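For reference, the structure is listed below as structure tokens.
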Amino acid sequence: MVQMLVQRPQGPLGSSLFLSDTSVLKAASVSSSSSQQPRSHVSHVSLINLQASTEKQRESVVGPNGIARSEGGSSSSCQGKLRLFVDSANVNTWRQWLPSGTFYGVTTNPILLEKAKVACHVKSLAVLANRAFELGAKEVQLQTWGGSVQELVATGSELANIDSSIVVKIPVTKDGLEAASKLINQGAQVTMTGVYSVHQVLLAAGVGASYAAPYLGRMIALSKPGLQDILEMQKIIKGVNSEMRLLVASIRSVEQLTTLAAQGVNSFAVPETIVTQLFNDPDTEKAATEFAQASSRNAVWLFL
């Protein structure tokens, strides 16, 4: 009976764990009724089965660049639809924050590349993207460039070919939309960036973009009602039943991010200054210190 339970095929993570837990209970029941083998032996077999089923679910997805990346698994339901991106092309910034596991990926553009002193060439961006994947990014957004539709498409195609998890950013201009349409037809994922007006999300959704990126802080600087406009964009996306995401960029405060998230906006390109603020809470740091001190004091006690 125990052996049959151990050899059953593995299912999804949830069902595998359920099967293993059930195996423990049934194996224990067999042991107590037949007394043909020690209870500790049955528990050991069951625990091996539990460990094996769990290990099997920790397989990784390997992209075209040969870099293994976690498939996500059970954490996806807890994360919901949230996607936080580090809005930076600085590898040192990625190295500091990506290992936290909080961020879905990174977003870049030519201005951020210039600040990070990264050449705006496909080869250098391939190296940069692969470094982000190595540090844990599930997605990297790179912006194409060029003075014509043909140039935008040519460069965008090269960027998309770096890895299947690359998203090509394109300004939401007429040429940009035409280039986006061609890239999407080739199978590329696209973000329409530089969104300043509510109606532009219709253009982005119409072309089939994966994301539309409104610049909240810059909208407010232009005396536009940025928060209200972005919430209106979100309503439009829901109204037309589109799966496109709003990727809010140019965030100036944590409060802007939480306000939008509370209203259903789920994707954010977060600049380093705001990333730091997200992780900085003196009360939490104080509590963590107190917990650590208490654990050190209690380390001398013995369990009876």
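Being closer than 20 Å to residue 200 by Cβ, of a type in the set (Lys, Arg) and without any contact (Cβ under 8 Å) to a residue 40 or more places away in the chain is a property that residue 169 lacks.
For the condition exposed (fewer than 13 other Cβ atoms within 10 Å of the Cβ), under 20 Å from residue 208 (Cα atoms) and in contact with a Leu (Cβ under 8 Å, 6 or more places away or on another chain), what is the one hit in 248, 240, 265? The conditions single out 240.
Of (1) at pLDDT 95 or above; (2) under 30 Å from residue 263 (Cβ atoms), residue 73 satisfies all except one. Which? Failed condition: (1). Every test in (1) modelled with pLDDT of 50 or more; (2) over 18 Å from the mean Cα position of the chain (by Cα); (3) among the small types (Gly, Ala, Ser) is passed by residue 53 save one, and that test is (1).
With respect to residue 139, is the statement that it is in contact with a Ser or Thr (Cβ under 7 Å, 6 or more places away or on another chain), modelled with pLDDT of 95 or more and within 23 Å of residue 102 (Cα to Cα) true? Here the answer is yes, as residue 139 does meet what is asked. Look at segment 260-285: where a residue is touching a residue at least 60 places away in the same chain (Cβ under 8 Å) and a partner is of a type in the set (Phe, Trp, Tyr) and in a helix (DSSP H, G or I), sitting 6+ places away or on another chain with Cβ atoms under 6 Å, you get 275/97. Is there a residue being within 17 Å of residue 234 (Cβ to Cβ), free of Cβ contacts under 8 Å to residues at least 24 places away in the same chain and in contact with a helix residue (DSSP H, G or I) (Cβ under 7 Å, 6 or more places away or on another chain) anywhere in segment 186-200? Yes, some residue in segment 186-200 is within 17 Å of residue 234 (Cβ to Cβ), free of Cβ contacts under 8 Å to residues at least 24 places away in the same chain and in contact with a helix residue (DSSP H, G or I) (Cβ under 7 Å, 6 or more places away or on another chain).
Here residue 298 meets each of (1) within 24 Å of residue 80 (Cβ to Cβ); (2) not assigned by TED's automatic domain parsing to the domain that holds residue 209 with one exception, condition (1).
For first residues located in segment 71-85 and outside any helix (DSSP H, G or I), partners that are loosely packed, with under 11 Cβ neighbours inside 10 Å and modelled with pLDDT under 55 and lie 6+ apart or on another chain with Cβ distances below 8 Å form the pairs 71/60; 73/58. For beta carbons closer than 7 Å, sequence separation of 6+ or different chains, a first residue in segment 105-123 that is assigned by TED's automatic domain parsing to the domain that holds residue 134 and a second that is of a type in the set (Phe, Trp, Tyr) and in a strand (DSSP E or B), the qualifying pairs are 105/85; 106/85; 107/85.
Selection of helices (runs of 4 or more DSSP H) fully inside segment 97-189 by the criterion of at least 2 residues being surrounded by 23 or more Cβ atoms within 10 Å (Cβ to Cβ) returns 122-134, 149-160, 174-185. Set side by side, the residues 219, 233 differ, and just one is touching a Ser or Thr at 6+ places or on another chain (Cβ under 8 Å) and not polar (S, T, N, Q), which is 219.
Among the helices (runs of 4 or more DSSP H) confined to segment 204-304, the ones with at least 3 residues that are modelled with pLDDT under 95 are located at 282-297. Candidates in segment 194-203 are the residues that are out of contact with any Ser or Thr (no Cβ under 9 Å at 6 or more places or on another chain) and outside any loop (DSSP other than H, G, I, E, B); of these, the one that is nearest to residue 143 (Cα to Cα) is 195. For segment 143-202, the tally of residues that are over 28 Å from residue 251 (Cβ atoms) and under 25 Å from the mean Cα position of the chain (by Cα) stands at 7.
The values are calculated or read from the model by the stated rules, or taken from the named source; none is laboratory data. Quick caveat: nothing in here was measured; it's all calculated off a predicted structure. Glycine gets a Cβ as well: all are built from the backbone with ideal geometry, and neighbour counts include every protein chain shown.
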